[in-house]
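Q: Here it is, the structure in full.
Bear in mind that the values in this text are calculations on the coordinates, not laboratory data. Worth saying up front: this structure is predicted, and the values here are computed from it rather than measured. A quick note on method: Cβ atoms are made from the backbone with ideal geometry, for glycine too, and the neighbour counts reach across all protein chains shown.
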Amino acid sequence: MGDTMLNLWAALPEMFLAVAALALLMFGVFAGKDKAFRTVSWAAVVAMLVTAFLVIMGQGGPAFFGQFVADPFAQFCKVLILTGSALGIIMSIRYAERERMARFEFPILITLATVGMMAMVSATDMLSLYLGLELQSLALYVVAAIRRDTVRATESGLKYFVLGSIASGMLLYGMSMVYGFTGTTNFAVLAGVMAEGSLSVGTLVGLAFMFAGLCFKVSAVPFHMWTPDVYEGAPTPVTAFFAVAPKIAGLALFVRVAMGPFAGVVADWQQIIVLISILSMLVGAFAALRQENIKRLMAYSSIGHVGFALVGLAAGTQDGVQAILVYLGIYLVMNIGTFAVILCMRRNERMVEDIVDLSGLAKTKPMMAAVTAILMFSMAGIPPLAGFFGKFYVFKAAVDSGLITLAVIGLVTSVVSAYYYLRIIKVMYFDEPVEDFDRNGTEMNVIMAVATIVMLAFVFFPNPLTDSAAVAAAALFGN
Amino acid sequence: MVVQALAFYLFASIAVIAATLVVTVRNPVHSVLWLILTFFNAAGLFVLLGAEFLAMLLVVVYVGAVAVLFLFVVMMLDINFTEMREGFLNYLPIGILVAVALFVELAFVGATWALTDEKVAALGKPTPDGINNIEALGNLIYTDYVYVFQASGLVLLVAMIGAIVLTLRHREGVRRQNISEQVRRTRADTLEVKKVPVGRGI
């Protein structure tokens, strides 16, 4: 036991959200099955907003005898996660009602997954880390398969479940090795053990297995195989949610583990992260070139983005962590905006998912085409849009800590990946128009507009994001 | 001490015999009944160790819930267990191989393990001084590890919601029990009297 304080109030946001989920569950059950869907969804969104407020206002500090911490790093990530989850629910409401998957359990499962993610980023003990991760994963497996009458959704859910269980197994194996060789599961105590110097082979093996498990959860290469299938098979709003909140939580957890207990042995794991990051960027760039389905494309794109974010971790410095956090913030807005566009790809009451379906969008829906173009330019990392700065910060951190090769490979893959982002723009602006899409929902228009404004405005007002990321990163390094 | 030792050997030997019977008897229902006997004897062993709360828990949870669930499954699914056992001889060699490997490993562990005075001292006290079983467990679960305990509860809740979401469906045309509807049924709803003309049939 590291700390000897209970400090219950530090976990107030988590407790509030969990209790809200239980209350909504009861409401949903008694209000008569699926009529309650819309009410439960909006109530879940409100609960998340309140939770975000509690997170920001929170007292913080270590809690539960060193198993939990509410530091600025956790606060920053929790706000991002809650934003992602709330937007995920908002984007799913209309879709779910149209596609007959309006089951009130859906927002509740997402809320519980969010509780799990919040527990993940606050974990300072292997035990609480694992339980947070499992709470999140279990809810996500169910959400992926929620349209159980379609073969694709059940297939994606099953695939996700089986591979996810293997990853959990690897993670647990790694943890048991680390525990066996150091005698503790507490991050603070572990950090003390690591600071003493030499790393035993057993701990190193455990570390490698833990990293492998975490890589699976953030879908970094070579543990990415499930991503395109799950992204394609799951219902689109679920994919949007998958691409955002769990990714942020997973990467934050990765940073917390690497920079917490294993901060003293950066030299031992740096090469692992460098390799994973390079592979992810390469696969993200090259495998996406031939994709025709836009959801699969986004899957590979997200693999690439994880690679870029891991560049910041590979740097192993405070600047690197700050860069990851900025990257995650930008990634959140960028991806939510893009998925709002994908969710608007509806023609004659049916969803379409191919890139060619966007043909001539500039003529039929000029505003939506402009928004998509800006988001795609940002994804590709073209200045002065926000996506450029995300990449700029991580590469700068890598160069500062001497990883010049990594930064160069990152730049090259970024250029390669620009091809498929620009191709979407080309299809929209220069191809012959096909039939118009159906009318967009208001909430989608709002989300797209806000995302675009953020992408454009970041260059003028970077401070809110970069400053809070700096505070968060400093907290992780204890200064 | 003699009584304790006798009780230990009684519980232990019955547990071993019952456990062997669980896997050897032909009738699966008998198998479950032997399993219940095994649980009871294991509970007895817990009592001897001074862990009376765990003993009660074992009886309540395993005998009361798990074994009964097994019994339900065995009786409702109508699995032909003799058929499943047919390949037993084919797999015997590899089974023996695995068993030998496990035994060798156990022997290695046993050879390196020593009962030091320290361990004897620890064995003598199943719980810290002056605290009984339930208090000791309660301190761990509800104070030291309250966070992970509650988180596990949430994980189980998600598992339950997930199982219901993915499996519960209301099929059309299935007759469900609805007491009030069934009671409200009148003769007019179900009976129809037809006059059949003489000599023409229905």
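Q: Just checking: which of the helices (runs of 4 or more DSSP H) contained wholly in the range B:108-196 hold 1 or more residues that are within 14 Å of chain A (Cβ to nearest Cβ)?
A: Once the helices (runs of 4 or more DSSP H) in the range B:108-196 are filtered for at least 1 residues that are within 14 Å of chain A (Cβ to nearest Cβ), what remains is B:146-167.
Q: Now a separate question. Out of the helices (runs of 4 or more DSSP H) lying entirely within the range A:205-320, which hold 2 or more residues that are within 30 Å of A:Asp149 (Cα to Cα)?
A: A:226-233, A:236-259, A:294-315
Q: Only residues that are β-branched (Val, Ile, Thr), surrounded by fewer than 16 Cβ atoms within 10 Å (Cβ to Cβ) and in a helix (DSSP H, G or I): list them for the range B:19-34, please.
A: B:Thr20, B:Val23, B:Thr24, B:Val29, listed by residue number.
Q: Scan the range A:175-195 for residues that are outside any helix (DSSP H, G or I) and without any contact (Cβ under 8 Å) to a residue 12 or more places away in the chain and jot them down.
A: Result: A:Gly183, A:Thr184.
Q: Going by the structure shown, is B:Ala55 closer than 30 Å to B:Gln4 by Cβ and in contact with a Gly (Cβ under 8 Å, 6 or more places away or on another chain)?
A: Numbers: closer than 30 Å to B:Gln4 by Cβ: yes; in contact with a Gly (Cβ under 8 Å, 6 or more places away or on another chain): yes.
For B:Ala55, the condition - closer than 30 Å to B:Gln4 by Cβ and in contact with a Gly (Cβ under 8 Å, 6 or more places away or on another chain) - is met.
Q: Also, quick follow-up: Select from the range A:49-80 the residues that are farther than 22 Å from A:Val321 by Cα and in a strand (DSSP E or B) and list them in ascending order.
A: A:Ala63
Q: Another question about this same structure. Which of (1) within 12 Å of chain B (Cβ to nearest Cβ); (2) more than 30 Å from A:Met101 (Cα to Cα) does A:Gly28 not meet, given it meets every other one?
A: (2)
Q: Taking the condition of being exposed (fewer than 14 other Cβ atoms within 10 Å of the Cβ) and assigned to a helix (DSSP H, G or I), how many residues in the range A:400-410 meet it?
A: 3
Q: Looking at the range A:430-437, can you tell me whether even one residue there is part of a helix (DSSP H, G or I) and surrounded by 15 or more Cβ atoms within 10 Å (Cβ to Cβ)? Can you show your working first?
A: Filtering the range A:430-437 down to residues part of a helix (DSSP H, G or I) leaves A:430.
With surrounded by 15 or more Cβ atoms within 10 Å (Cβ to Cβ) added as a condition, the list becomes none.
For the range A:430-437, residues part of a helix (DSSP H, G or I) and surrounded by 15 or more Cβ atoms within 10 Å (Cβ to Cβ): absent.
Q: Could you give me the residue pairs with C-beta distances under 6 Å whose first residue belongs to the range A:219-233 and is more than 11 Å from A:Val283 (Cβ to Cβ), whose second residue is basic (Lys, Arg) wherever it lies, and which are 6+ apart or on separate chains?
A: Close Cβ pairs (under 6 Å, with a partner that is basic (Lys, Arg)) amount to A:Trp226/A:Lys159; A:Asp229/A:Lys159; A:Tyr231/A:Lys295; A:Glu232/A:Lys295; A:Glu232/A:Arg296; A:Gly233/A:Arg152.
Q: Within the range A:136-147, identify whether any single residue is more than 14 Å from every other protein chain (Cβ to nearest Cβ), of a type outside the set (A, V, I, L, M, F, W, C) and assigned to a helix (DSSP H, G or I), and answer yes or no. Show your work before the answer.
A: Here is the first cut: in the range A:136-147, the residues more than 14 Å from every other protein chain (Cβ to nearest Cβ) are none.
Checked against the condition, which is being more than 14 Å from every other protein chain (Cβ to nearest Cβ), of a type outside the set (A, V, I, L, M, F, W, C) and assigned to a helix (DSSP H, G or I), the range A:136-147 yields no hits at all.
Q: Can you name the number of the only condition in (1) among the aliphatic types (A, V, I, L, M); (2) within 12 Å of chain B (Cβ to nearest Cβ); (3) within 17 Å of A:Ala258 (Cα to Cα) that A:Leu172 fails?
A: (2)
Q: If you check A:Ser165 against the conditions, is it surrounded by 24 or more Cβ atoms within 10 Å (Cβ to Cβ), of a type in the set (S, T, N, Q) and either more than 9 Å from chain B (Cβ to nearest Cβ) or more than 20 Å from A:Thr236 (Cβ to Cβ) (or both)?
A: On the way: surrounded by 24 or more Cβ atoms within 10 Å (Cβ to Cβ): no; of a type in the set (S, T, N, Q): yes; either more than 9 Å from chain B (Cβ to nearest Cβ) or more than 20 Å from A:Thr236 (Cβ to Cβ) (or both): yes.
Considered against the rule, which asks whether it is surrounded by 24 or more Cβ atoms within 10 Å (Cβ to Cβ), of a type in the set (S, T, N, Q) and either more than 9 Å from chain B (Cβ to nearest Cβ) or more than 20 Å from A:Thr236 (Cβ to Cβ) (or both), A:Ser165 comes out as no.
Q: A further question on this structure: When you check A:Ala18 against the structure, is it within 14 Å of another protein chain (Cβ to nearest Cβ), among the small types (Gly, Ala, Ser), within 16 Å of A:Met120 (Cβ to Cβ) and in contact with a Leu (Cβ under 7 Å, 6 or more places away or on another chain), yes or no?
A: yes
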